[in-house]
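Engineer: Below is the structure I would like to discuss, written out as structure tokens.
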Amino acid sequence: MNVTGLHDWHIARGAKMAPFAGYDMPISYPTGAVEEHLICRRSVGLFDIDHMGQVEISGKGSSEFVSSLVSSRVSDMIAGEARYALLLDESGFVLDDLFIYRLQNSWWIVVNASNREADLEWMRSRAPQGLVIDDRSDETYMIAVQGPRAIELMDAVSGGAVSKLERFTSARIEVAGVELLFGRTGYTGEDGGELFFPARKAVELWELLLAKGTELGIETAPIGLAARDSLRFEAGMPLHGHEISPSINPIEAGFKWACDFTKDFVGKKALEAIVEAGPRRKLVGLDVTGGVPREGCAVLASTDGVPVGVCAAGMYCPTVKKYAANAFVPPELAKVGTALAVSIRDKPRPALVVKRPLYLPAYRR
Amino acid sequence: MKIDPNCRYRSSHEYARKDGAEIVVGISDHAQESLGDIVFVELAEVGKTVAQGDAIGVVESVKAASDIYAPVSGTVVAVNGELEGDPALLNKDPYGKGWLVRIAPSNLPEWEGLLDPATYEKEAAKE
């Protein structure tokens, strides 16, 4: 089992730990997952996400290479810009979702922890001569600082370096003498950023941020993976392995917007055929009554209880105060307002197709 | 962990406390702490006859669902209606406002056979 540099810190803090993507991670702290979620939405949450992978691509042909491998338009990205992208296979299935940071002389790509090895293998096997693909994961520590007061906190430790940054841009900033890459990006639907810095500085920077929050009276708390999941879920963001996966294509999951059909990319032909024929199922949001829907729960027709689909994820949502699921259903049942049911412990519970996202991300307000 | 000295306990962490002619049933402080934030509670209906050990409900925490078992046989005479709107009561006050059901016992000696507070505390501490 792998551990992050803050592993002992989490345990000393009383965190409940569990394996995730091969890492022993904090699921929640004594604060509790519900309150941790609420703290992030009202002030600042710190997330140890060092399990994530970072790949740096540089050298001859790197821009063309990245463009050919991911679904999103990236050739127009200038240094300092950051963008969401999908890594697809030839059949149009989602191998991973990525965040791509265009740097001065390279492409900095954040990959999911569980797919790091597979993504690197995929990239390396397709890389032309002269291209450099570096796995920066082990030497790089990654944390997220998210919430309506996150930028205020980060400004306080960086000499005001982040409030001037637009969403979806990055810059090199300095915190307590440590130079780091700051991206005004995130996975919670709140403002804030993600920080990349030398791994040995993890405890120092983490504790510095908490101390600065206390000093300035900005409520700041460590947030575990359970709250990370409910935050991203409310904000309509996918978790690979659930709403997107190697058996799900972007069209049925609602990610056509992340596919640039004006360029060539792996999976383009397959997706064009799917767009032409229409997807065979669609990802919808379900508001469920009478229980907590979870991944794998069957979605049933409300009239006769016939199974029509399945939940990709489901949970209690602390901000919108709903029991909700993301589920794949036939396109004709995907309209907002459609009445369905979800089977929870062998009993059908009423479910209504609702508009996604449940909670509008800050960058869309 | 908080132990209510007036309760007796099952190894599966339910408590049973005598209150007049009825038994108040809930989950222990150790249980609520292990489960984490409770987000939904499903309980048997009033009038249901249960045998000791029968499932009488489900407690859903953020990441998992746990079955609740009747500590004694009898009839369910009341369920805690507050839990629908505030399942967190189980975390905040498991022995008080977070009670789950009240049972009219059909075999009161069963209560004596449950774990006494000291024994339960020792067992739970080992987990």
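Rule-based calculations on the coordinates, nothing more; no lab input. Predicted model only: the values in this text are computed from it and were never measured. Please note: Cβ atoms are built from the backbone with ideal geometry, for glycine as well, and neighbour counts cover all protein chains shown.
Engineer: Give me P(r) over region A:53-125, computed from all C-alpha to C-alpha distances, binned every 5 Å, as integer percentages.
Structural biologist: Spelled out per bin, shortest first, that is 3, 17, 31, 29, 15, 5, 0.
Engineer: From Cα pairs below 8 angstrom and at least 6 apart in sequence, can you work out the relative contact order of region B:19-126, rounded to a whole percent?
Structural biologist: Here the relative contact order equals 32 percent.
Engineer: Also, quick follow-up: If you take the beta carbon distance between residue A:129 and residue B:126 as r and set R0 to 45 Å, what does 1/(1 + (r/R0)^6) give as a FRET efficiency, to the nearest 0.05?
Structural biologist: Computed FRET efficiency for residue A:129 and residue B:126 comes out at 0.15.
Engineer: Suppose we look only past 20 Å in the calculated P(r) of region A:259-319. What percent of the Cα-Cα pairs does that tail hold?
Structural biologist: Of all Cα-Cα pairs in region A:259-319, 48 percent lie more than 20 Å apart.
Engineer: Then there's this: Given only helices, namely DSSP H runs of n ≥ 4 each adding -39500 (n - 2.57), what is the per-residue ellipticity at 222 nm of chain A, to the nearest 500 deg cm²/dmol?
Structural biologist: -6500 deg cm²/dmol
Engineer: Here's something else I'd like to know. How compact is region B:19-126 by the rule of thumb for globular proteins, expressed as Cα Rg over 2.2 N^0.38 Å?
Structural biologist: 1.03
Engineer: Test of understanding: in a Gaussian network model of chain A with alpha carbons linked when under 10 Å, which of A:346, A:191, A:96 would top the mean-square fluctuation ranking?
Structural biologist: A:346
Engineer: Just counting partner chain Cβ atoms within 10 Å, what average do the residues of peptide A:32-43 show around their Cβ?
Structural biologist: Counting Cβ atoms of other protein chains within 10 Å of each residue's Cβ and averaging gives 2.
Engineer: When only alpha-carbon atoms are used, what values of Rg and Dmax, in angstrom, describe the protein assembly as shown?
Structural biologist: 25.2, 83
Engineer: Taking other Cβ within 10 Å of each residue's Cβ, how do A:347, A:282 sort, fewest first?
Structural biologist: A:347, A:282
Engineer: List the residues, sorted by chain then number, that are 5 or more residues from residue A:344 or on another chain and whose placed amide H is less than 5 Å from its amide H.
Structural biologist: Here A:349 satisfy the definition.
Engineer: Give me the lysines in straight-line cross-link reach of residue A:16: C-alpha distance below 27 Å, same-chain residues under 8 apart excluded.
Structural biologist: Excluding near neighbours in sequence, the set is A:201, A:212, A:321, A:322, B:2, B:63, B:92, B:97, B:122, B:126.
Engineer: Among A:139, A:234, A:56, determine the one that fluctuates most according to a GNM of chain A built with springs between C-alpha atoms less than 10 Å apart.
Structural biologist: Ranking A:139, A:234, A:56 by mean-square fluctuation puts A:139 first.
Engineer: Amide H neighbours of residue A:142 under 5 Å, at least 5 residues apart or on other chains, H built in the peptide plane: list them.
Structural biologist: Distant-sequence amide H within range of residue A:142: A:49, A:50.
Engineer: Among the lysines, select those whose C-alpha is under 20 Å from the C-alpha of residue A:268, and discard any that sit fewer than 8 residues away in the same chain.
Structural biologist: Once the sequence-local lysines are set aside, what remains near residue A:268 is A:256, A:282.
Engineer: Only Cα pairs under 8 Å and at least 6 apart count here; give the relative contact order of chain A as a rounded whole percent.
Structural biologist: Relative contact order for chain A comes out at 18 percent.
Engineer: Shifting gears a bit: Relative contact order for region A:6-59: what percent, with Cα pairs under 8 Å and sequence separation of 6 or more?
Structural biologist: 25 percent
Engineer: Another one. Excluding residue B:40 itself, what net charge comes from residues whose Cβ is under 9 Å from its Cβ, given Lys and Arg +1 and Asp and Glu -1?
Structural biologist: So the environment of residue B:40 carries a net charge of -3.
Engineer: Oh, and also: Quick one: which residues, 5 or more positions from residue A:338 or on another chain, have an amide H under 5 Å from its amide H? H modelled 1.01 Å from N in the peptide plane, none for Pro or chain starts.
Structural biologist: Under 5 Å from the amide H of residue A:338: A:353.
Engineer: What are the ³J(HN,Hα) couplings of region A:340-357, residue after residue, when phi is run through the Karplus curve with 6.51, -1.76, 1.60 and θ = phi - 60°? Round to Hz, x for glycine and proline.
Structural biologist: Per residue, the Karplus-derived 3J(HN,Hα) values read 9, 9, 10, 7, 10, 6, 6, 10, x, 10, x, 9, 10, 5, 10, 5, 9, x Hz.
Engineer: Looking at chain A, what % of its DSSP beta bridges pair antiparallel, to the nearest 5?
Structural biologist: So the antiparallel bridges in chain A amount to around 95 percent.
Engineer: So, in Å, what gap is there between the alpha-carbon centers of region A:288-357 and region A:134-174?
Structural biologist: After rounding, the separation between the Cα centres reads 37 Å.
Engineer: When the Karplus curve 6.51 cos²θ - 1.76 cosθ + 1.60 is applied with θ = phi - 60°, which whole-Hz ³J(HN,Hα) does each residue of region A:293-304 get, with x for Gly and Pro?
Structural biologist: Here the 3J(HN,Hα) series is x, 9, 3, x, 5, 6, 9, 10, 5, 6, 6, 10 Hz.
Engineer: What is the order of A:355, B:97, fewest Cβ neighbours within 10 Å to most?
Structural biologist: A:355, B:97
Engineer: Continuing with the same structure: Quick one: A:288, B:39, A:70, A:178, fewest Cβ neighbours within 10 Å first, how do they rank?
Structural biologist: Going from sparsest to densest Cβ surroundings: A:178, B:39, A:288, A:70.
Engineer: From the mean inverse distance of alpha carbon pairs (Kirkwood) and the Cα radius of gyration, derive Rg over Rh for region A:281-358.
Structural biologist: My calculation puts Rg/Rh at 0.92.
Engineer: Residue by residue through region A:306-311, which ³J(HN,Hα) values in whole Hz follow from phi under the Karplus form 6.51 cos²θ - 1.76 cosθ + 1.60 (θ = phi - 60°), with glycine and proline marked x?
Structural biologist: 6, x, 10, x, 8, 7
Engineer: Using Cβ-Cβ distances only, list the Cys residues of the protein assembly as shown with no partner cysteine under 4.7 Å, sorted by number.
Structural biologist: So far as the 4.7 Å Cβ criterion goes, A:40, A:259, A:317, B:7 stand without a partner in the protein assembly as shown.
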